[in-house]
Amino acid sequence: MAVLTKGKVKTCEQLLEEFTATPANPEKIVFSGIGERDVYNISAPFEDEGELVIAGRVESRDSEHSDVYFFVERDGEWVPREQAPVFALQDPFFTVIAGELVLGGVQIFPHPTQEGALGWRTVFYKGKSISGLQEFAKGPDGMKDLRLIELKDGSIGVLTRPQGEKGGRGKIGWTRISSLAGLTIDVIDEAPLLEGQFIEEEWGGANEPHLLANGLVGVLGHVANFDSEGNRHYYPMVFALNPETGEFSDIELIATRSHFLPGPSKRPDLIDVVFSGGLVRKPDGTADMYAGISDAEAQKITINDPFLQYER
């Protein structure tokens, strides 16, 4: 398995200075059949019962209360799949573990102590297909960006993202479990952090882990910060992780907002937000990256496959 070298922690500013790639073919993904609502923070397309499906966050421009719909393509537009379930969640993601589809998303609820505020947690469902999804686990209150991946030996890698005392504004943790039955709040809370990925003023999270040909885990994620005016900046990034040793490579950016087409934003402070949804690796050495843009729409771009370097 490849040895991963790790340098010093890099800020968003340094990562931007080092970033030289030129993503291509920006394309807006057109959704219809959901009224005036926006669709953003989508998953990459995945196959379900012989058909490609995208899970997407659907919500009104002036609200945080969203639903996750499953969309299928019809005449160049993505429409809600007939008879598919709708979940009261944000930011959907998927993986396949032990032959079953695992879907997750963020559930919001009234904050237990702060009046008028919302709390959140990650909720997981599994089933043979979308139509059979049943809830099987919840993450700790206050944690988004929890992700799972089936490893070469059949065990399951768990990427966590605590905030607060342990994680500051948000850091990535890693642990392994032998089966989905082991996905407990204690296991998630106790996952060791990947130290030295983010400075204290910035934060990041995992969006979609990929099992690479050599057994490493390629992680598609995001790194983010605030500017002096309080605007948010989210950048899609990747790194590789050795599941046996916990070693990991330096973070690298793979795109910025400027590589996508102009479009609306949910609020002025969210213009420069790219939320990495998913990556479809292609045989020609490129990959299509699907992303939520400015918390208001979904787009995709073509990039050089960022995980090939870790498989060499």
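No lab work stands behind these numbers, since they all come straight from the coordinates. Just so it is clear, the structure is predicted and the values come from calculations on it, not from any experiment. Note that each Cβ is placed from the backbone with ideal geometry, even for glycine, and that neighbours are counted across all protein chains shown.
Rounded to the nearest 500 deg cm²/dmol, what is the calculated helix-only ellipticity per residue at 222 nm for the chain, with -39500 (n - 2.57) per DSSP H run of length n ≥ 4? Display every interim value, and only then the final one.
Working: 3 runs with 16 residues, N = 312.
Rounded to the nearest 500, the figure is -1000 deg cm²/dmol.
Which number comes out as Rg/Rh for the stretch 12-311 once both Rg and the Kirkwood Rh are worked out on C-alpha atoms?
Values: Rg = 18.0 Å, Rh = 19.4 Å.
Over the Cα atoms of the stretch 12-311, Rg/Rh equals 0.93.
A 29 angstrom limit on the alpha carbon distance is what I want to check against. Which of Lys144/Lys300; Lys8/Lys166; Lys128/Lys152; Lys6/Lys28 exceed it?
Numbers: Lys144/Lys300 23 Å; Lys8/Lys166 20 Å; Lys128/Lys152 21 Å; Lys6/Lys28 36 Å.
Those over the limit are Lys6/Lys28.
Please compute the modelled spin-label separation between Glu115 and Glu49, points set 7 Å along Cα→Cβ, answer in nm with one decimal.
Reported label-point gap for Glu49 and Glu115 is 4.7 nm.
Would you mind getting me the FRET efficiency between Asn214 and Glu64? Use the beta-carbon distance for r and R0 = 45 Å, nearest 0.05.
0.65
Positive end of the dipole of the stretch 176-312, charges at C-beta (+1 Lys, Arg; -1 Asp, Glu), about the Cα centre: which of Ile199, Ile271, Asn225 has its Cα farthest in that direction?
Farthest along the dipole direction, towards plus: Ile271.
Using a 10 Å Cβ count of at most 15 others and DSSP loop calls, identify the longest part of the chain lacking such GluC sites (Glu not before Pro).
Result for the longest clean stretch: 245-312.
Taking the stretch 49-115 as the region of interest, what is the percent of Cα-Cα pairs per 10 angstrom bin, listed from the shortest bin to the one with the maximum distance?
Here the calculated profile for the stretch 49-115 is 18, 43, 28, 9, 2.
Kindly work out what percent of the DSSP beta bridges joining two residues of the chain are antiparallel, to the nearest 5. Write down the numbers at each step before the final one.
Values: 86 of 89 bridges.
Given both bridge residues lie in the chain, the antiparallel proportion sits at roughly 95 percent.
For the stretch 20-151, what size does the Cα cloud have along each of its three principal axes, sorted from largest down, in whole Å?
47, 43, 38
Can you give me the Cα centroid spacing of the stretch 168-207 and the stretch 1-74 in angstrom?
21 Å
State whether the stretch 97-202 is rounded, prolate or oblate according to the following rule on the C-alpha gyration tensor (a ≥ b ≥ c being the square roots of its eigenvalues): a/c under 1.5 gives rounded; otherwise a/b larger than b/c gives prolate, and the remaining case gives oblate.
Values: a/c = 2.39, a/b = 1.25, b/c = 1.92.
Cα axes put the stretch 97-202 in the oblate bin.
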